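The values are calculated or read from the model by the stated rules, or taken from the named source; none is laboratory data. Not measured: the values here are computed from a predicted model. A quick note on method: Cβ atoms are made from the backbone with ideal geometry, for glycine too, and the neighbour counts reach across all protein chains shown.
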Amino acid sequence: MKIHLIAAARPNFMKIAPLYHELASRKNLGPVIVHTGQHYDLNMSDIFFSDFGLPAPHIHLGVGSGTHAQQTGNVMIAYEKVLFETKPDLVVVVGDVNSTVAATLAAVKLGIQTAHLEAGLRSGDRTMPEEINRIVTDSIADHLWTPSPDGNDNLRKEGVADEKITLVGNIMIDSLEMARQRIEAQAVYLDYGCQKKQYGLVTLHRPSNVDHPDTLKLLCTELARISERLPLIFPIHPRTRANLEKFGLNHILADNDNIRLIDPLGYIHFMNLVFNARLLITDSGGVQEETTYLGIPCLTLRPNTERPVTVTQGTNRLCTPADIFDTFTATLDGRMPAGKIPDLWDGRTARRVADLISRM
Ligand code: UD1
Ligand code: UDP
């Protein structure tokens, strides 16, 4: 069976890695990695292939950056050609990036079976490009594999037939457990002059936080205030780096001795910083899940989340740029309930998915 695994942007690589290895270990399941090229910097793409022991992509579409329509359209055009030539039996897409919906559209229209891993997540916020990508992908894919029961509920509410939906668990936990020994063997925080559990780790890249000068300025000012109580390490996403420079805000962070502004890191080094952080400040989807699994406080700068179990069961708290300082203070002073790990976030999701595929 020829199976395409679509990888495109940073959060995709850790989702396809455990599945690639599981499928490659089984008879008659031939995984083929298709990289759309949505992310292309060394530390936004290639580094994850070596971190997870993946082969170089078997097929590379080289699409790159662009507007939403350009990126989505270019992936569709390039991938359709590949589909005509290679005729896979199954296309597996992950997550909610532009390439996820583009590859699904191209495959479904040629009558090729498609599966969405991490299906059913909904923030209810249609101003997020990812929410549109989730809704469209789930409405056309043949197999919907969800990470948590809220995903099944959301899909049923949208009228999806029960037989298309399977709760498989959270593949991000497979990646973490796959890499745990190598993560724990590091002490990356020392490189930035920090001590275990005595720093905060920051990631920000959502357009709603970083594309508007006033919001980004307020966030920089609040991070500077926070850093007076807890030093911060901030591996900065290329979108955010570009906007800090464009809006003339870089100096607020770069000239502050309590803030280490660094390039994005590979998975092993980044996760070592997560494991040893006192808390996270983020707007990332994946980081909300990783911190819940590890029981580390996570302050998420968003008005909503498509991963509600991280709030109802885990250590995640939503906050706004205006109340982040108060939420931070409450967390540092210990007013954060201990979380629990959601069911099926157990490192066995790739196995469950491979079992489903082998029965197709
Ligand atoms: C994308 C996803 C988002 C995901 C994020 C993970 C969509 C709509 N957005 O957002 O859901 O959370 O990836 O990181 O699919 N750039 C570089 N180098 C790179 C990649 C991007 O410099 O390797 C810069 C370019 O200027 C580009 C900008 O970052 O225009 C944004 O990249 P893009 O992939 O369009 O969106 P992200 O913000 O990365
Ligand atoms: N990550 C990383 N290096 C970094 C920042 C993030 O390896 O410098 C990892 C981390 O595991 C995170 C994942 O990349 O869960 C997804 O990242 P991102 O926030 O870019 O995407 P999202 O989950 O928001 O779509």
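Does residue 279 qualify as being near ligand 2 (Cβ under 10 Å from one of its atoms) and either surrounded by 20 or more Cβ atoms within 10 Å (Cβ to Cβ) or within 20 Å of residue 171 (Cα to Cα) (or both)?
Working: near ligand 2 (Cβ under 10 Å from one of its atoms): no; either surrounded by 20 or more Cβ atoms within 10 Å (Cβ to Cβ) or within 20 Å of residue 171 (Cα to Cα) (or both): yes.
Criteria not met by residue 279.
Keeping to segment 123-138, report how many residues are more than 15 Å from ligand 2 (Cβ to nearest atom) and in contact (Cβ under 8 Å) with a residue 24 or more places away in the chain.
Going through segment 123-138 one residue at a time, the tally reaches 3.
Let me confirm something: among 56, 17, which residue is surrounded by 19 or more Cβ atoms within 10 Å (Cβ to Cβ) and either without any contact (Cβ under 8 Å) to a residue 24 or more places away in the chain or within 12 Å of ligand 2 (Cβ to nearest atom) (or both)?
The match here is 17.
So which of 165, 173, 140, 183 ends up being surrounded by 19 or more Cβ atoms within 10 Å (Cβ to Cβ), more than 21 Å from the chain's Cα centre (by Cα) and of a type in the set (Val, Ile, Thr)?
Details: 173 fails: more than 21 Å from the chain's Cα centre (by Cα); 140 fails: surrounded by 19 or more Cβ atoms within 10 Å (Cβ to Cβ); 183 fails: more than 21 Å from the chain's Cα centre (by Cα).
Step by step, each of 165, 173, 140, 183 is checked, and only 165 is surrounded by 19 or more Cβ atoms within 10 Å (Cβ to Cβ), more than 21 Å from the chain's Cα centre (by Cα) and of a type in the set (Val, Ile, Thr).
Can you name the number of the only condition in (1) of a type in the set (Asp, Glu); (2) within 16 Å of ligand 1 (Cβ to nearest atom); (3) farther than 27 Å from residue 124 by Cβ; (4) in contact with a Pro (Cβ under 9 Å, 6 or more places away or on another chain) that residue 289 fails?
Among (1) of a type in the set (Asp, Glu); (2) within 16 Å of ligand 1 (Cβ to nearest atom); (3) farther than 27 Å from residue 124 by Cβ; (4) in contact with a Pro (Cβ under 9 Å, 6 or more places away or on another chain), residue 289 violates only (3).
Across segment 83-111, which residue is nearest to ligand 2 (Cβ to nearest atom) among those that are β-branched (Val, Ile, Thr) and surrounded by fewer than 18 Cβ atoms within 10 Å (Cβ to Cβ)?
Taking the candidates together, the pick is 108.
What are the residues in segment 224-239 that are away from ligand 2 (no atom under 16 Å from the Cβ) and either within 8 Å of residue 259 (Cβ to Cβ) or out of contact with any Lys or Arg (no Cβ under 7 Å at 6 or more places or on another chain) (or both), if any?
224, 225, 226, 227, 228, 229, 231
Looking only at residues in segment 200-223 that are within 16 Å of ligand 2 (Cβ to nearest atom) and of a type in the set (Val, Ile, Thr), which one is farthest from residue 272 (Cα to Cα)?
Going through the qualifying residues, I end up with 210.
Identify, please: which residue in segment 282-301 is buried (at least 20 other Cβ atoms within 10 Å of the Cβ) and in a loop (DSSP other than H, G, I, E, B) and is, among those, nearest to the chain's Cα centre (by Cα)?
If we take residues in segment 282-301 being buried (at least 20 other Cβ atoms within 10 Å of the Cβ) and in a loop (DSSP other than H, G, I, E, B), then 284 is nearest to the chain's Cα centre (by Cα).
Restricted to segment 34-52, and to residues that are more than 15 Å from ligand 2 (Cβ to nearest atom) and without any contact (Cβ under 8 Å) to a residue 40 or more places away in the chain, which residue is surrounded by the most Cβ atoms within 10 Å (Cβ to Cβ)?
Only one residue tops the list, namely 35.
Among the listed residues 279, 294, identify the single one that is away from ligand 1 (no atom under 16 Å from the Cβ) and either farther than 18 Å from residue 186 by Cα or modelled with pLDDT under 95 (or both).
Just a single option satisfies the conditions, and that option is 279.
Tell me, please, whether a residue that is closer than 18 Å to residue 205 by Cβ, within 14 Å of ligand 2 (Cβ to nearest atom), part of a helix (DSSP H, G or I) and touching a residue at least 60 places away in the same chain (Cβ under 8 Å) can be found in segment 302-313.
So far as segment 302-313 goes, no, none of its residues is closer than 18 Å to residue 205 by Cβ, within 14 Å of ligand 2 (Cβ to nearest atom), part of a helix (DSSP H, G or I) and touching a residue at least 60 places away in the same chain (Cβ under 8 Å).
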